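Please treat every number below as a calculation from the coordinates, not as lab data. As the structure is a prediction and not an experimental result, all values here were calculated from the model. Quick reminder, even Gly has a Cβ in these numbers, built from the backbone with ideal geometry, and neighbours come from all protein chains shown.
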Amino acid sequence: MTAPKIKATYTLDAETVKLIDRLARRWKTSKSDTLRRVVREAAADRGSSPDDPEAWIEKFKRLQKSFDLTEMQAKQWRRENRAVRRASSDHRGR
């Protein structure tokens with residue numbers, strides 16, 4: 001018997017959606033299944049303590065590598081992300 005499915009709505013930034021799409025294509029699975037896999041992997045990762053920065057840095061590096069971005073794509077993402085953050089902080093000051 002399969003587990004019941006629950007529809008849920010979440011707000012994600014555009015870059016996260018792109019990354020989910022990319023992983024789903026790479027894994028040849030649905031976006032929903034991709035999210036389930038990522039969440040289960042994160043939940044199963046009990047070996048790392050929030051107080052262990054080295055382990056988290058290593059995990060972050062593995063996550064970055066899984067996105068398969070070129071250096072140029074990463075630089076472009078940083079520029080775009082910086083611009084979005086600046087625009088967002090400008091709106092808060094008004």
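Using just the helices of the chain, give the 222 nm mean residue ellipticity in deg cm²/dmol: DSSP H runs with n ≥ 4 each add -39,500 (n - 2.57), and the total is spread over all residues, rounded to 500. Calculated at 222 nm, the ellipticity per residue is -22500 deg cm²/dmol. Under 5 Å between amide hydrogens, built in the peptide plane, is the criterion, and for Phe67 it picks out nothing among residues at least 5 positions away or on other chains. Of all lysines in the structure, those lying under 16 Å Cα to Cα from Lys31, and not within fewer than 8 positions of it along the same chain, are Lys5, Lys7, Lys18. Among Thr34, Thr11, Thr16, the ranking by other beta carbons within 10 Å of each residue's beta carbon, starting with the fewest, stands as Thr11, Thr16, Thr34.
Going from the fewest other Cβ atoms within 10 Å to the most, the residues Ile57, Ile20, Ile6 appear in the order Ile6, Ile57, Ile20. The charge dipole of region 1-42, taken about its Cα centre with unit charges on the Cβ atoms of Lys, Arg (+1), Asp and Glu (-1) only, comes to about 220 debye. Only one residue of Ala43, Trp77, Ser30 has its Cα farthest out toward the positive end of the dipole of the chain, where Lys and Arg carry +1 and Asp and Glu -1 on Cβ, and that residue is Ser30. Computed from backbone phi, the HN-Hα couplings of region 80-87 come to 5, 5, 4, 5, 5, 5, 5, 4 Hz, rounded to whole numbers (Karplus: 6.51 cos²θ - 1.76 cosθ + 1.60, θ = phi - 60°; Gly and Pro given as x).
Fewest neighbouring Cβ atoms within 10 Å first, the residues Phe67, Phe60 line up as Phe60, Phe67. The structure shown yields Kirkwood radius over Cα pairs in Å, and of the options (1) 14.0; (2) 16.1; (3) 17.3 that calculated value carries the label (2).
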